Amino acid sequence: MRATFELTGNNDVDISMRTLLSTYEGTVPGERGFGIDPDILDENPNDAKNSFALDLREKVQEFIPGYEVDSIDFIVSDDGKINANIKLKEGGEN
């Protein structure tokens, strides 16, 4: 799965989001919940899209305070590869 996001204009948030998307859950000492669950990659495309969306919404709420996921648009290629285009918005819990 490949994930991209629309830049927010807030450098700290953009760096946090980029780091969140490029980190597997369980790999950061002292913060094992940070990152995206790697088991999502083993699921079929429809289940993977749902699992990714749920996981990402929870992680953004936890690790990027003041922001939330506004939308995720998925594109699935004929060979099953998934591209996720993510948009954040201000307004999440602080």
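The values are calculated or read from the model by the stated rules, or taken from the named source; none is laboratory data. Just so you know, these numbers come straight off a predicted model, no measurement behind them. Glycine gets a Cβ as well: all are built from the backbone with ideal geometry, and neighbour counts include every protein chain shown. Note: areas computed on protein heavy atoms with side chains; ligands, DNA, RNA excluded. Shrake-Rupley method; radii C 1.70, N 1.55, O 1.52, S 1.80 Å.
Does Asn94 satisfy the criteria of being at pLDDT 95 or above and open to solvent by 80 Å² or more (accessible area, probe 1.4 Å)?
no
Return yes when Lys89 is of a type outside the set (A, V, I, L, M, F, W, C), in contact with an Asp or Glu (Cβ under 6 Å, 6 or more places away or on another chain), surrounded by 12 or more Cβ atoms within 10 Å (Cβ to Cβ) and over 11 Å from Met1 (Cβ atoms) and no when it is not.
yes
Hand me the list of strands (runs of 3 or more DSSP E) wholly inside the stretch 1-91 holding 1 or more residues that are free of Cβ contacts under 8 Å to residues at least 60 places away in the same chain and touching a helix residue (DSSP H, G or I) at 6+ places or on another chain (Cβ under 7 Å).
67-76
Residues being buried (at least 16 other Cβ atoms within 10 Å of the Cβ), within 17 Å of Leu7 (Cα to Cα) and either out of contact with any Phe, Trp or Tyr (no Cβ under 8 Å at 6 or more places or on another chain) or of a type outside the set (A, V, I, L, M) (or both): count how many of those fall in the stretch 64-86.
3
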